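Have a look at the structure below before the remarks.
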Amino acid sequence: MTITASVDKPAQPKSWLRRHVAVRAFLTAPSGVASVVALAVLVGVAVVAPLYLDARATETDIAGSWAGVGADHWLGTDALGRDTFARVMVATRLTLLLGLAAGAISIGLGVAFGLLAAVSRGRWRTALLRGLDAALCIPAILMAIFAGAIFGGGVNGAVVGVGLALCFPIARITSTLALSIGGREYISAARVLGVRPLRLMFRYTLPNISESLVVAFTLSIVSGVLFISALSFLGLGTQAPEFDWGGLLSEGVANIAIAPAGALGPAIAIAFTALTLSLTGEALARACNPVLWTSSRKQRRAAPPEPTAVPVAAPAETEGGEPVLRVDDLVVTVPGAVGPVDIVKGVSFAVAPGQVLGIVGESGSGKTMTALAVAGLAPPSGTVGGTITLTGRRLADLSKAELDALLARELSVVFQDPSSALNPALRVGVQMTLSARIIRKLRRSAAYQLAAAKLRDVHIGAPDRQLKAYPHQLSGGMRQRVMIGTGLMAEPSVLIADEPTTALDVTVQAQIMDLLEEINTGDRSTSIILISHNLALVSQNCDRVLVMYCGRIVEDLDLDQLLTDPKHPYTRALLAAMPKPGGPREAPMATIGGEVPDIAAPPAGCPFHPRCAVAVDRCRTDLPPLVIHPEDRARRVACHVVEGAGV
Amino acid sequence: MPRPCRCPAWASRGLEDGHEMSTALEASPGTPADGVAGPTRRLVREGREGRAGSWTRFVLRRVVGLVTALLALLVAVFVMVRLIPGDPVINALGTDATPETIARLNAENGFDKPLYEQFLSYVSNLFQGDLGRSFITNEPVTQIIGQRIGPSLQLAIVALALVFLVSIPLGMVAGGVTQGGRHRRIEVAFTSVTGMFAAIPDYLTATILAFLFAVQIQLFPVAGADGPQSLVLPVLAVSAGPIMTLARLVRLETLNVLSNDYIRTARSQRLPRRTIYGRHALPNVLTAALTIGGLLFANLIGGAVIVENVFARPGLGSTLVQAVVAKEYVVVQGVTIVLGAIVIGVIMLVDVALALVDPRSLTRST
Amino acid sequence: MSSKEPGCEAMLTVQDLTVVFGSGRSRLTAVDGVSFAVPPGGTLGLVGESGSGKSTIARALVGLVPTAGGTIRLDGTDVTSDRARDARSFRRRVQMVFQDPYGSLNPRMTVGATILEAVSLQGKASTAERRSEVLRAIELVGLSPSALDRYPHQFSGGQRQRISIARALAVHPEVLIMDEVTSALDVSIQASIINLLKELQRELHLSYLFISHDLSVVGAMSDVVAVMYLSRLVESAAPDELFNAPEHPYTRGLIGSVPEFGVKRRRAPIPGQVPDPRFPPSGCRFHTRCPVGPAHRLDREICRTDDPQTAAASRPHSAACHFAVSVAAPRG
């Protein structure tokens, strides 16, 4: 049978652990414990207060009216001598119940409406969504007042009215979430299987939006409480002799000058409830994150102790004199799930003037992070170690201003995806000329002329028109040309191209590679670092190639050597695994068994050994150093087995 | 760039960084989920004209949207009023109204005619500027509204301006400081404080402010609408919550924007930080804020309604409540329509402003 | 592996398929009169760049997108109507595997539940039968049964693609449509998936429609390769013929653009970019970029005015070009 892909760990135990993990996540959120405690207090008061304090809350005592705050009456008394504190406590139950009821109505109606809008097609959907938009334009309180009046006024009307008014935001959120899920491929896959719409909704869409909905629901209940209180405050909700916090607040505000405690009491109660419910919502949001439920492969492995630094041979002397860029022992560390992770584990190389250096690797090899670190773009939460020397100057020795100036002048980066690398809100001309105008202090007209000239250099016709355009108006190939043109504005010595053609059509890819070649062989002889996963592409365009695996360079060779005699088993395996058109179709393709290792926890010894065809015992324990090949000083290899590559 | 949502401000409270909700809220409601790949979808929407054509289509679409929304509003309010149980005239005037008065008012307002006729005559009256008359005072509703709309609009507009002026810089600074998980304590503090104040409803803030500054410390007037001092407390009360909510949203959006690739490009050009924030990040953040701003205005109007009752401002808010209490539904109908129409108008204006800031909005269908 | 011989009944035949999006001013013809045939037990590779319509064809064939014209035949039976392709019988016989290994599995369902869903929809009676079908599917793709209790995010990209394939295989299909299934994978993993697919084809006598932008991968998988450009089919031939002696200038240019290891690069054969699909060029759609077209040769005005249509897929090698000539592609 075919290769059995290795599946690392035993399956998770079932549901109870899942729930347990979620509960733990809930409690460890800073708001989690606080909200549980506060909720308990609220519910406790709601249940208990009417049992014990009902008498004090309703007994009138005209003689003792408007008593101030004191030991006898913690919040004083109202116009009829009733104890305010007792009234606030007793009102808890009614307020919460009303708010919950209104919230429940809003959730029920809102979810139904939202799902309906999401599953309907064409004109129906547009109509429903437009109607929803229009409904959202009416201030919710107005709608609540109105609807309350329709449904009979008073408390019942208020509850239904608030529920109705609040259902529209819920509907909107539900429909937006459901529609965003609708575009996912697993929904398409389920439809292709023949899953019926109802099941699609409940088994596929809803579970994937559940945590967002839960947060929305919590907020809906908060709003329910607040809106009911608002209506009561306006005299439209609870009517005497019933009282909730809103009603109490209304009385209190009317007499705020005489007995401010009468207003502050209910005010604090409302605020406390709102805060509690909001906090609960936030804690729920954290707990509902499904990545916490079953730990992923990455999180579970404890990071093995880092091997002591293995000597990395410096690259051979470059032709053409001083290298324009020299990197020694570059280490890039970023915070990971279980601790800091070395994405780049000690990389050294040099780029000669006018040279095209290719860096080849698969995902997780560290090739992109190497380039980013050289360009000073490593993530701020990470650390960069080692020495980088650009045009003879050590970057670490420079002040920030000098560093910025040097990098702006001598180094440019072209990124992979031109559609996201350009700011959609700014015109092309603005983006191209910002650096020239601000850093090099060019006048606006001079900067634009320069930009137009660069656009011509990258073969974009009618450059003045393109400068005024927005990025979304250009095709992918043109956007990449604009990126390259922008990179050339400062006439750099080194251009780093990180997968510059991966997002483009293959015919456009060839054009862009032509362009890079022109830049390299042109007047300025710009050196290029070409990063790619495509060995064939690299083999056609580069003078020298670095092969990276799991954060390290495993082979450093020039083009001839790559074409005729690659030595490292990984390089050879990569070559063998490339699909060749026109080759024999019957035979299975050569593959590299196993999986690309997790950079946070690579195998001990040589990281490639589990997948290597020629691994020996030593490979399992000792990390092979990158050394200069004794028979060929222009080549470096990191492998125990390769002939003559050290002991 | 993720498209910002159209949900009311309160709906975004309680969101944490990168929570799926904030990204989910960004999907455009017009997204066809049926198998149409991205670039094709955009092309289908854009149609065949160039940019000038895009603007025409955009304006046309917005005007159609405006008219539709207004129509929906009219129908909804009209129907809702007719749904209120009881005879509208008796409700307002009470049981001791004379039969002649009842008959006269019924005939004047056409309550005895079939519904669709009532609606048609209502709409035609609307175009002539006639919103009916109060049953009790016989004042034309348009006059009532005209006299009292000034203070309410003042309040809402000043509050809106304050909300934008405070929360956008606040949120952007908070976003800039806490990006990449740095300064966790500031993040927690920011989230807690904004969460706290966002949870407190406007009438509550109004109450507390009234107590503090008008009763205890007699700094500002507690009632009335004369002069700018009378605006201070109501504006603060109405805008406190939304400022916090918008600031949170702006911070999340700033974090989102800063994680985009084009910011990395700007950094690779070694642009100074102020340029990255000011020229690159701000327009994109502004898009999100503006979108919310339209709906925020709806909330602010709603808030104004309540707060006016606390501070006894003679605006539409108190008019509305008095009318509801007195069951004067013709007045309620008129006020709701006017306020709703103002909100719709503001939202449309915001859409136009959005299109100026973010050119891709031109081709979106909503 | 049986290749398509003349006279052999094709498994899946598509004739003049047309798919249109939008209407009026925003009308976009994504697929315009495309015809091809998938050989029984063999693979038809569909290759094209952006805007070619190849993914739309896949989606139309499984009913995710409505068709606007043409006929679709499954083993002789006409299944053109949307209802026919929504029927359970069709769904059992034709299944699809998608591109994105991270997005094509429901994150909230275990692997076992996902595959079980497929099985249940085909109405197997007893729980034991269903369980055995699920086990069969997971083992066919080389994963151990312990995977069934896990969630998709616990697997790597290559493993997730295997799970997607297992899901498709669970219903015992006859035709598999694969839409860029290797494009999101590393090269080393890509090869193992291709091997898996080939082996499954041999064992289960499956017919494949293999869609990709990657010419090399398509060449390694297919018995027949069909090249698409701007919603039209421009050439179809067996891979050897196609790569060694392409007839259509676009195919030649496409082959010439693909980097080949060890072969020196030549200048990009095809200039410019794909035109806006909403405004396709008149006559031959490729004429605006054709290196031997009216822009370069005065005697080729016909390319601007007349639309060369490819002959029916039954011809062994057909190219939609007025001047189709078998010339070896400039490689590099």
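The values are calculated or read from the model by the stated rules, or taken from the named source; none is laboratory data. Remember, predicted model here, so these are calculated numbers, not experimental data. We place every Cβ from the backbone using ideal geometry, glycine too, and count neighbours over all the protein chains shown. These area figures cover heavy atoms from the full protein model, side chains too; ligands, DNA and RNA do not enter into them. Shrake-Rupley method; radii C 1.70, N 1.55, O 1.52, S 1.80 Å.
What the table below lists for this structure:
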quantity: Some residue of the stretch A:484-491 being surrounded by 22 or more Cβ atoms within 10 Å (Cβ to Cβ), part of a helix (DSSP H, G or I) and at the interface with another protein chain (Cβ under 10 Å from one of its Cβ atoms); calculated: yes
quantity: Whichever residue in the stretch B:327-366 is at the interface with chain A (Cβ under 10 Å from one of its Cβ atoms) and in a loop (DSSP other than H, G, I, E, B) and, among such residues, is modelled with the lowest pLDDT; calculated: B:Thr366
quantity: Enumerated strands (runs of 3 or more DSSP E) restricted to the stretch C:23-104, each holding at least 2 residues that are facing another protein chain (nearest Cβ under 10 Å); calculated: C:28-38, C:43-48, C:94-97
quantity: Single residue of the stretch C:212-232 satisfying the filter (within 18 Å of C:Ser35 (Cα to Cα) and open to solvent by 10 Å² or more (accessible area, probe 1.4 Å)) that is farthest from the other protein chains (Cβ to nearest Cβ); calculated: C:Arg232
quantity: Filtered residue count, the stretch B:82-97, keeping only those that are open to solvent by less than 60 Å² (accessible area, probe 1.4 Å) and assigned to a loop (DSSP other than H, G, I, E, B); calculated: 5
quantity: Matching residues, the stretch C:105-144, being closer than 22 Å to C:Lys198 by Cα and either part of a loop (DSSP other than H, G, I, E, B) or touching an Asp or Glu at 6+ places or on another chain (Cβ under 9 Å) (or both); calculated: C:Ile115, C:Leu140, C:Val141, C:Gly142, C:Leu143, C:Ser144
quantity: Count of the stretch A:400-452 residues which are outside any helix (DSSP H, G or I), touching a strand residue (DSSP E or B) at 6+ places or on another chain (Cβ under 7 Å), within 15 Å of A:Leu488 (Cα to Cα) and not aliphatic (A, V, I, L, M); calculated: 2
quantity: Selection within the stretch C:155-186 - more than 9 Å from chain A (Cβ to nearest Cβ), assigned to a helix (DSSP H, G or I) and not polar (S, T, N, Q); calculated: C:Arg160, C:Ile163, C:Ile165, C:Ala166, C:Leu169
quantity: Number of the exception - A:Asp556 against (1) touching a residue at least 24 places away in the same chain (Cβ under 8 Å); (2) touching a helix residue (DSSP H, G or I) at 6+ places or on another chain (Cβ under 9 Å); (3) not in a helix (DSSP H, G or I); calculated: (2)
quantity: Among the candidates A:Ala216, A:Ala230, residue that is in contact with a Phe, Trp or Tyr (Cβ under 7 Å, 6 or more places away or on another chain) and facing chain B (nearest Cβ under 10 Å); calculated: A:Ala230
quantity: In the stretch B:118-154, residue most open to solvent (accessible area, probe 1.4 Å) [restricted to those that are polar (S, T, N, Q) and more than 17 Å from B:Leu320 (Cβ to Cβ)]; calculated: B:Gln128
quantity: Boolean, A:Ala371 is within 24 Å of the chain's Cα centre (by Cα), at pLDDT 90 or above and under 21 Å from A:Val547 (Cβ atoms); calculated: yes
quantity: Sole exception among (1) closer than 30 Å to A:Leu80 by Cα; (2) of a type outside the set (D, E, K, R); (3) open to solvent by 30 Å² or more (accessible area, probe 1.4 Å) for A:Leu249, by number; calculated: (3)
quantity: Residue count for the stretch A:121-148, restricted to those that are more than 7 Å from chain B (Cβ to nearest Cβ), within 34 Å of the chain's Cα centre (by Cα) and open to solvent by less than 20 Å² (accessible area, probe 1.4 Å); calculated: 2
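Conditions (1) modelled with pLDDT of 85 or more; (2) open to solvent by 10 Å² or more (accessible area, probe 1.4 Å), marked per residue:
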| site | (1), (2) |
| --- | --- |
| A:Arg286 | no, yes |
| A:Ala303 | no, yes |
| A:Val324 | yes, yes |
| A:Phe349 | yes, no |
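For (1) open to solvent by 20 Å² or more (accessible area, probe 1.4 Å); (2) closer than 22 Å to A:Ser420 by Cα, each residue gets a yes or a no:
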position	(1), (2)
A:Arg443	yes, no
A:Ala453	yes, no
A:Leu467	no, yes
A:Leu474	no, yes
A:Arg481	yes, yes
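Matching residues to (1) more than 8 Å from chain A (Cβ to nearest Cβ); (2) more than 30 Å from A:Ala421 (Cβ to Cβ); (3) open to solvent by less than 10 Å² (accessible area, probe 1.4 Å):
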{"residue": "B:Leu282", "(1), (2), (3)": "yes, no, no"}
{"residue": "B:Val307", "(1), (2), (3)": "yes, yes, yes"}
{"residue": "B:Arg313", "(1), (2), (3)": "yes, yes, yes"}
{"residue": "B:Val325", "(1), (2), (3)": "no, yes, no"}
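Here is a yes/no grid of residues against (1) farther than 30 Å from A:Pro566 by Cα; (2) open to solvent by 40 Å² or more (accessible area, probe 1.4 Å); (3) among the small types (Gly, Ala, Ser); (4) more than 14 Å from chain A (Cβ to nearest Cβ):
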position: C:Pro275; (1), (2), (3), (4): yes, no, no, no
position: C:Ser282; (1), (2), (3), (4): yes, yes, yes, yes
position: C:Pro294; (1), (2), (3), (4): yes, no, no, yes
position: C:Asp307; (1), (2), (3), (4): yes, yes, no, yes
